[in-house]
Amino acid sequence: MANVFRKWYEQRFHDEEAMLLLLILCTGVGLILFFGEILTPVIAALVLAFLCQGMVNYLMRYKVPHFFAVVVSFIFLLVLEFASVSVLSTLVLGQLDNFINELPKLIVLLQERLNELPERYPAALSEEQVAEWSAAMNAQIADFGQWVVTFSQSKIPNLLSFLVYLILVPVLVFFFLKDKDKILGWFGGLLPQQRPLLKQVWNDMNGQMANYVRGKFIEMFIVGAITYIVFMFFDLRYAALLAISVGLSVIVPYVGAFLVTIPVLMVGYLQWGLGPEFVKLFIAYLVVQLLDGNVLVPWLFSEAVNLHPVAILLAIMFFGGIWGLWGVFFAIPLATLINAVLTAWPTLQSEFSAT
């Protein structure tokens, strides 16, 4: 057994660069685990820098100097941030406030609708089943109310931090864009000059990470905007709040679309019941989801590495469990990174052994 382990170790880790790559990966995981919350503004700035770098590259292709391209991209980011905060503070927060105020009435209305189901569908549902659903729903509502109170008490002190991030993150983005070559050069100076394994993994991940981040934000915007138009067409209540939820749901593949469907259908059911308007809303919403999964996603992520759905779900559970929302957002790129390392490692190691 010891000989088997020794041979495996010599094949995989006898090279110094392989050990260096393992050290870099372990350091990255350690930073995420122990300093993830502290590094949140830095990570957010890196994500936005990936978004803005595409505009910088586009402007530089038309002979725009690098500094001016960075300034234009930075101004665009500030305008987008201001517009997003304005929409969030007016439209969405207003609907959220209305929803919280009307929540008791909605609960009563939902219970009344549930009590009507055994009369309308006696062959499918019984009064005992509806009573069990009502009891379970009341228990969940009580837990939800307690969570809202706890969440509000814990997050209100962080409002000042959020306002600081609104200023700090754009500043970091500006310097990440302006001094990109200097920063990468400094990190490169800490590594060996001969690093084929690291270069292969970096080249595989750099373009894919940038394309994934930009593609996700574009997908979130398109899906959210189209869903909002659909909800407004049907005059659905809390249209903006639900549309933003649908847009954000694309961060979590498969699971997000399923989870966000529940509140959409619940609001439609409370507003119209199981009538023609509810059926039309469900069909329109289903068409949006199908277009997103079968047209928009393949178009935006055509160059992404294909991962099996099981691998994606496992990555979401693992990285989301250790890193929260950021782990969910970066689950696919991190899974792709692991796949790139596993793919590149044996090939280069066999080349090293042959020499």
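Annotations
- Fully extended contour minus Cα-Cα distance, from S84 to V72, at 0.36 nm per residue: 2.5 nm
- FRET efficiency for the A131 to F221 pair, using the beta carbon distance and R₀ = 56 Å, is estimated at 0.80.
- Whole-Å distance, taken between Cα centres, linking the stretch 218-263 and the stretch 94-128: 22
- For F234, the shell of other residues with beta-carbons less than 15 Å away shows a net charge of 0, using +1 for Lys and Arg and -1 for Asp and Glu.
- Sites N206 and F34, calculated FRET efficiency, Cβ-Cβ separation with R0 30 Å, nearest 0.05: 0.70
- Rounded to the nearest 0.05, the FRET efficiency derived from the C-beta distance between I262 and V42 at R0 = 35 Å is 0.50.
- Protection proxy ranking, peptides 319-327, 274-282, average beta carbon neighbours within 10 Å, highest first: 319-327, 274-282
- Mean separation of Cα contacts under 8 Å, 6 or more apart, over the residue count of the stretch 196-355: relative contact order %: 29
Quick note: the coordinates plus some simple rules give every number you see, no bench work behind them. Keep in mind it's a predicted model, so treat the numbers as computed, not measured. Cβ atoms come from the backbone with ideal geometry, glycine included; neighbour counts cover every protein chain shown.
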